[in-house]
1. Chymotrypsin sites (Phe, Trp or Tyr not before Pro) within the stretch 19-124: which are DSSP loop residues with at most 16 other Cβ atoms inside 10 Å?
2. Using θ = phi - 60° and the Karplus curve 6.51 cos²θ - 1.76 cosθ + 1.60, what whole-Hz ³J(HN,Hα) does each residue of the stretch 137-147 get, with Gly and Pro shown as x?
3. For the stretch 114-166, what is the accessible area per residue in Å² when the probe is 1.4 Å?
4. Quick check: net charge around Lys39, other residues with Cβ under 12 Å of its Cβ, Lys/Arg +1 and Asp/Glu -1?
Amino acid sequence: MLTLASKLKRDDGLKGSRTAATASDSTRRVSVRDKLLVKEVAELEANLPCTCKVHFPDPNKLHCFQLTVTPDEGYYQGGKFQFETEVPDAYNMVPPKVKCLTKIWHPNITETGEICLSLLREHSIDGTGWAPTRTLKDVVWGLNSLFTDLLNFDDPLNIEAAEHHLRDKVSQKTVYLETIH
C-alpha cells in the first residue's frame, strides 16, 4: 500500500549514481512531510483503534486520506462517521486539517463539519494544542475519542447540540428520580 515508500527507496538509490540522463533534482525531491508520512502511516496502520478505518483514495498521496469512526459505546454507538484529513506541506510544524463529512449532532462538531479538538489547533489555551512531536496516530485517536471520553458538553463548539443534550439529560434524570420514589 505504501507506494510512496518504494519511491523514496528508489530516489535514495539514485542519489549515489549521478548520470546526465537523470531528471532534475526538483522533480525527484521528496518533501519532509512525505518522508514523515511514510513512517507515520505505517505506525498508524499498526496502532489503529478497532473502531477506526483509514482509506487512502490515492496511495501515492499519503497527505490526503479518509477516516471512518464507528463507535462501539456511548451516545453514538452504531453510527458511522467519516472524516477527511489533509496534511499540509508545513507538516509537522502545523496540524493536519480535518473535516467531518457526516452530518452529526455533536457538541464538538458543527453541522458544517468543523471540529473542536485541541490537538488540531496550532495554539490552544490549555497547552494541549498541536506540537511537532504529535503524529497522525494522535489525530486519529483524538477523533475517535470525541465519541467517548473527549465528548465535551461544557465547552462546546456546537452550543445547540450541547444544550439539547443537557436538557435531555436533566429530563432523563427527573424521570429516573420519579421512578425511584
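The values are calculated or read from the model by the stated rules, or taken from the named source; none is laboratory data. Small disclaimer: the values here were computed from a predicted structure and weren't measured. All Cβ positions, even for glycine, are placed from backbone atoms using ideal geometry, and neighbour counts span all protein chains on display. Surface areas here come from the heavy atoms of the whole protein model, side chains and all, with no ligands, DNA or RNA. Shrake-Rupley method; radii C 1.70, N 1.55, O 1.52, S 1.80 Å.
1. When the chymotrypsin sites (Phe, Trp or Tyr not before Pro) of the stretch 19-124 are filtered for loop state and at most 16 Cβ neighbours within 10 Å, Tyr75, Trp105 remain.
2. 4, 4, 5, 5, 5, x, 4, 4, 6, 4, 9
3. For the stretch 114-166, the per-residue accessible area is 54 Å².
4. -1
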